[in-house]
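First up is the structure itself, then whatever we jot down about it.
The values are calculated or read from the model by the stated rules, or taken from the named source; none is laboratory data. Computed from a predicted structure; not experimentally measured. Neighbour counts are summed over all protein chains in view; Cβ atoms, including those assigned to glycine, are modelled from backbone coordinates with ideal geometry. Each accessible area value is taken on the protein alone, full model and side chains, heavy atoms only, with ligands, DNA and RNA left out. Shrake-Rupley method; radii C 1.70, N 1.55, O 1.52, S 1.80 Å.
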Amino acid sequence: MASLSRPVAQSASLQPDRFRVLKEASTKQMGPVVYWMFRDQRIRDNWALIHAIDQANKANVPVAVAFNLFDQFLGAKARQLGFMLKGLRQLHSKIEEELQIPFFLFQGEAKETIPRFLKDCGASLLVTDFSPLREVRKWKNEICAEVSDSVTIHEVDAHNVVPLWVASEKLEYSAKTLRGKINKKLPEYLIDFPELQRPSGKWVIPTNQLIDWDSLIDDVLRKGAEVPEIEWCIPGEDAAMEVLMGNKNGFLTKRLKNYSTDRNNPLKPEGLSGLSPYLHFGQISAQRCAVEARKVRNLCPQSVDSFLEELIVRRELADNFCFYQPHYDSLLGAWEWARNTLKVHASDKREYIYSMEQLEKAQTADPLWNASQLEMVHYGKMHGFMRMYWAKKILEWTRGPEEALRIAIYLNDKYELDGRDPSGYVGCMWSICGLHDQGWKERPIFGKIRYMNYAGCKRKFNVDGYIAYVKRIVNGKKKRKAETQLGRKPKENCS
């Protein structure tokens, strides 16, 4: 596995416009730098951590990493929180052993825990990573108002290849309008990372904190048992790099060549990168993935170009939407043409009307839709092509677009390992509200929103084969659960 050190592409200082100042201290003091880690939960290739260490070294002060665990974050269950905490447990060990940086874990409201910690340690600079979600932005505004005037706050976009505010200063209509802006900036921003330095200042303030990870994780798994963990995806930075570049079954080393042809076939999950959970939790950098992919472009240029389109343009378009559109999870966030056409057809007669409970339990007359729902519930990830079909059918089978969008987001966030993500919100908005799309031939219920149906899916892939594939997943999970209850050790199914 690669070490923390990387070939030096530039000095340890990041580009000035990769971070922005949320609050400038009015009175100066010499104190530690604190990195409040939230979205980018990794040591490697982390611009926010690089910036925090660089600023600390320039001032000859120590640096610490703080993470705040919320009692509830948008309904996350054992599946998501267990994955996150197990990754953080690995990070805690590595950051203290390899970098001698203390790691603090707080529980409660960030607007209370982070300012209190800054005051207790006499910090002069708070570094945060970037998220476009309204809840995170609200916490940051509250923290800016709460901390003393001697604390400066920097926000670093460590998630996107081109920082969001650099790529565009406005809400973009589609991938077409953003793609050119991003491509123009890539030569400057799609670079390798500098070598990660150790802090020169030593943390001498008593930590007074021992993190009982086992008890914490057990508690989370018990409280969120309604949506249990999955087995196929191992959390943490090392596992993420193995999925990207591993010799056994790494995406870039073994599976990349078929990406452009197989990624839209639900029967070929191996055709996908498998990186979305790691990207969501920030356990791997999208920029690292892109840098490594470009190195092998000569081997399969079409697949690399398709991968970079999804990894950079589409992901950053989702961040753009959630940042510049406050109603990113509501019909109010749709373009006017889409709102109008959905309103006109909201009262159209539906062949079926299903309740939330029926949809959640996959109790519809459509075996293909039921399979996609069961894949998400039991596997923690629905194939991207099926997620479009799944959401569009919810629009067709509910009382109106508002209800459809609410149900789609609820189910996506509850069961998907990478739920509560800008790409998830945009995926639901695209399918139901025509976001980043154009108007199509008008038809009942959908109006001018792009339509998908069972017959169209049959023309694209083996529908019966997909349904059988999901049945094997569900039956295999039930068998492993039974073996566990009988005291037998189930076989692992990790990739």
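So, counting K/R as plus one and D/E as minus one, what does the shell of residues with Cβ under 14 Å around Val161 add up to? Taking every other residue near Val161 into account, the sum is -2.
Counting only lysines at least 8 places from Lys138 when in the same chain, those with an alpha carbon closer than 17 Å to its own are Lys23, Lys111. The 3J(HN,Hα) values that the Karplus relation (6.51, -1.76, 1.60; θ = phi - 60°) gives for the stretch 107-116 are, in residue order, 10, x, 8, 4, 5, 9, 6, 5, x, 5 Hz. Gly and Pro appear as x.
Distances between placed amide hydrogens fall under 5 Å for Phe106 paired with Phe67, Asn68, Leu69, all partners being 5 or more residues away or on another chain. Here's how it looks for Lys23: its modeled amide H is under 5 Å from those of Ile153, which are all 5 or more places away or on a different chain.
In what sequence, largest accessible area first, do Lys181, Lys458 appear using a 1.4 Å probe? Don't jump to the answer; show the numbers that get you there.
Details: Lys181 75, Lys458 120 Å².
The residues order as Lys458, Lys181, largest area first.
Within the straight-line cut-off of under 26 Å between alpha carbons, the lysines reachable from Lys481 are Lys77, Lys86, Lys223, Lys268, Lys361, Lys381, Lys414, Lys471, Lys489, Lys491, sequence neighbours fewer than 8 places apart in one chain being disregarded.
The candidate values were [x] 26.8; [y] 23.4; [z] 24.8; the one computed from these coordinates for mean projected area of the Cα convex hull in nm² carries the label [y]. Helical runs assigned H by DSSP (4 residues or longer) give the chain a calculated mean residue ellipticity at 222 nm of -14500 deg cm²/dmol, each run adding -39500 (n - 2.57) before division by the residue total.
How large a share of the accessible area of the chain, in percent, is made up of carbon and sulfur atoms when the probe is 1.4 Å and the other protein chains stay in place?
Values: 10930 of 21740 Å².
Solvent-exposed carbon and sulfur of the chain make up 50 percent of the total.
Phi angles across the stretch 29-36 convert, under the Karplus curve 6.51 cos²θ - 1.76 cosθ + 1.60 with θ = phi - 60°, into 3J(HN,Hα) values of 9, 8, x, x, 9, 10, 9, 7 Hz, Gly and Pro given as x.
For the stretch 365-468, taking Cα atoms only, Rg and Dmax work out to 13.1, 36 Å respectively.
Taking only protein heavy atoms and a 1.4 Å probe, what accessible area per residue, in Å², does the chain have with all protein chains in place? Please list the in-between numbers first.
Details: 21740 Å² over 495 residues.
Normalised by residue count, the accessible surface of the chain is 44 Å².
With a ≥ b ≥ c the root eigenvalues of the C-alpha gyration tensor of the stretch 182-317, is it rounded (a/c under 1.5), prolate (a/b larger than b/c) or oblate?
Note, shape of the stretch 182-317 comes out oblate.
Within the same chain, aspartates and glutamates fewer than 8 places from Lys202 are excluded, and of the rest, those with a Cα less than 17 Å from its Cα are Asp54, Glu96, Glu97, Glu98, Asp120.
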